[in-house]
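Presented below is the structure to which this report refers.
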């Protein structure tokens, strides 16, 4: 049975600033998706939040980029903004809704989207991840570790179904182009690109032996759509596991190191990506630090069994401790790099205004 999983998120209003999604927004979304389930538009759903981003996870049989599924999500975001976020004066009400009218596909309209269509296996474990206060390139490190690093993923060495490697589809989000790179033989080429996380983003990962889809991420850069700073992108990710794909534990192992990502306060700072449970999915200190939640499901005929709150585990306590130490270290830099992002990432902030104001005061100097 071919099933489509659609994970669609948007920041449509935060409680007490950019901290958390208020329960009323989640309740509204659940009611709307329950109605869609009763009409047969979707098979099942799960609503949750990561920081101030409302997350809609849906299963259906309509394939990727289906206008009705995307319209459903768009109308939930718009209606919830008008009926709840604006009357309650939530912060950033409707922030991610960059277009006025739905045009048949939610991509490019502000909300983040990750979708995956596949034939259900005998057992179908699926993991979903949602990050807050960071950019789509935050998944690059994780996806490389999971699907290309044998020190992280033992199955690359000992599982015959994985031994031939994986193919990574990488997007250039500035040029709107994509390239497929095969590992392990092109690993260095892949790393040459994806280390530039602000430009090159891993969109999909396929098993090389048969082309089976293994992972898909959102790759939206909000500032490139809007032409101004409108908040960080807060990406989402879907990963299938087991049966010739990385084990659940191998996927989670990649999150055990709190690697540095771009985002944090005002989308303009570098900080550690901290894995947290759903109950801790709120960004507080300096609007952060950037954090990620993970949920695990089993899918059977499109129905969701779960979730397991994957990071609600003392096994990640040390990771969180390290993240807090790194957060302390980075914060002490204040407005200096490398805590503050480089010039190319600051072009949608006040920096261009400052440079324009000072333009006439710059005078030639002799090179030293």
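The set of residues in region 28-51 being surrounded by 21 or more Cβ atoms within 10 Å (Cβ to Cβ), farther than 18 Å from residue 4 by Cα and in contact with a helix residue (DSSP H, G or I) (Cβ under 8 Å, 6 or more places away or on another chain) consists of 29, 48, 49. Residue 169 meets all of the listed conditions (1) more than 16 Å from residue 207 (Cβ to Cβ); (2) touching a residue at least 12 places away in the same chain (Cβ under 8 Å); (3) not in a loop (DSSP other than H, G, I, E, B) but one, namely (1). The number of residues in region 13-22 that are at pLDDT 95 or above and either surrounded by 24 or more Cβ atoms within 10 Å (Cβ to Cβ) or part of a strand (DSSP E or B) (or both) comes to 5.
Of all residues in region 122-149, those that are part of a loop (DSSP other than H, G, I, E, B) and more than 15 Å from residue 207 (Cα to Cα) total 7. If you check residue 125 against the conditions, is it touching a strand residue (DSSP E or B) at 6+ places or on another chain (Cβ under 8 Å), surrounded by 18 or more Cβ atoms within 10 Å (Cβ to Cβ) and farther than 27 Å from residue 23 by Cβ? Yes; evaluated as a whole, the condition is true for this residue.
Looking at residue 120, is it closer than 29 Å to residue 48 by Cβ and surrounded by fewer than 22 Cβ atoms within 10 Å (Cβ to Cβ)? Yes; evaluated as a whole, the condition is true for this residue.
Looking only at residues in region 128-154 that are in contact (Cβ under 8 Å) with a residue 60 or more places away in the chain and touching a helix residue (DSSP H, G or I) at 6+ places or on another chain (Cβ under 6 Å), the one that is nearest to residue 293 (Cα to Cα) is 131. Between 54, 25, the distinction of being surrounded by 24 or more Cβ atoms within 10 Å (Cβ to Cβ), at negative phi, in contact with a strand residue (DSSP E or B) (Cβ under 7 Å, 6 or more places away or on another chain) and assigned to a helix (DSSP H, G or I) belongs to 25 only. Within the span defined as region 129-137, every residue fails to be buried (at least 24 other Cβ atoms within 10 Å of the Cβ) and more than 16 Å from residue 234 (Cα to Cα). For region 295-332, filtering for residues that are in contact with a strand residue (DSSP E or B) (Cβ under 7 Å, 6 or more places away or on another chain) and within 18 Å of residue 19 (Cα to Cα) leaves 1.
The values are calculated or read from the model by the stated rules, or taken from the named source; none is laboratory data. Worth saying up front: this structure is predicted, and the values here are computed from it rather than measured. When we count neighbours, we look across all protein chains shown, and the Cβ atoms used for this are built from the backbone with ideal geometry, even at glycine.
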